[in-house]
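Shown next, in structure tokens, is the structure this report addresses.
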Amino acid sequence: MQDHCPICEGSGLRVVQQPDGHRFAQPCECRLLRRAARNLQQARIPRRYELCSLDSYETVHKSANESIKAALRTARRFADGFPIETEGKGLLFTGSSGLGKTHLSVSILKSLITDRGATGVFWEHKELLDNLRAIYSLRTAGAEDKLLKSVITCDLLVLDDLGDITPSDWSWDTTSYILNSRYNENRSTIITTNLANEPRAAASSSDPNDRFAEARRAVARETLGDRIGERMRSRLQEMCVVVEMQGEDFRQRVKRASFA
Ligand SMILES: [Zn+2]
């Protein structure tokens with residue numbers, strides 16, 4: 001590719017002449033394209049989401065309800081305003097599975113990498129922790145630092161399916177460390193979760209004779225507050241604009257339509 005660039009003839013630089021005759025060199029378009037291609041390759045975007053874009057979201061979900069349309073508008077505003085207007089704030093997409101939360105998140109990530117030269121990476125929450133844990137247990141010197149550093153220092157992190165893990169102190173400490181470090185450095189994180197953005201389910205009764213409190217908690221739908229704890233949930237609300245999505249599973253609907 002480099003050898004065949006007709007503009008810079010492979011040097012990666014092109015000379016620009018200003019109206020006053022002053023000449024200076026700047027990176028050639030081909031170099032920026034190569035860098036974007038490399039960043040995209042390192043972004044770990046899952047194959048099934050490789051072709052996602054904000055425009056294709058509109059096509060797939062065109063008969064969507066208001067919450068889905070609002071989510072798309074917020075995603076576009078975020079991508080357009082990044083990084084000046086977003087100021088390190090991220091997005092927290094909530095809603096049941098199949099509404100396209102991951103589609104929107106990946107689309108933003110891809111567009112910032114290809115159009116803005118940003119760096120970014122996609123991780124399922126569980127997969128990221130599994131990887132970090134495996135590296136810790138092997139005690140590969142420096143390897144966990146390298147992975148952690150890449151996750152903390154990239155311009156945009158997408159953390160998919162937050163809370164879909166086996167809870168432990170280590171998991172939550174590690175997750176908060178990553179999110180706090182990014183936020184403190186003004187770096188946005190986009191998070192998706194199937195759990196409802198609600199406080200801990202109020203099932204504990206103050207009446208010690210209330211034998212049904214436990215049963216009520218058991219049937220209530222688990223909330224984000226239940227899973228990640230109130231402190232972290234409120235911290236997430238500080239770090240992210242919450243985008244609540246409602247509706248039925250689009251993939252299910254498509255399946256029903258095709259096999260009816
Ligand atoms: Zn060139």
Any chance you could count how many residues in region 2-25 are touching a Leu at 6+ places or on another chain (Cβ under 7 Å) and surrounded by fewer than 12 Cβ atoms within 10 Å (Cβ to Cβ)? 0
When every residue in region 1-50 that is β-branched (Val, Ile, Thr) and farther than 30 Å from residue 128 by Cβ is compared, the one nearest to the ligand (Cβ to nearest atom) is 7
Quick one: what pairs do we get from region 219-238, first residue closer than 13 Å to residue 191 by Cβ, second of a type in the set (Val, Ile, Thr) and at pLDDT below 90, C-beta under 8 Å, 6+ apart or different chains? 236/228
Matching residues in region 45-80 - criterion: being acidic (Asp, Glu) and either under 19 Å from residue 155 (Cβ atoms) or surrounded by 17 or more Cβ atoms within 10 Å (Cβ to Cβ) (or both): 80
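The values are calculated or read from the model by the stated rules, or taken from the named source; none is laboratory data. This is a predicted model, so every value here is computed, not measured. Note that each Cβ is placed from the backbone with ideal geometry, even for glycine, and that neighbours are counted across all protein chains shown.
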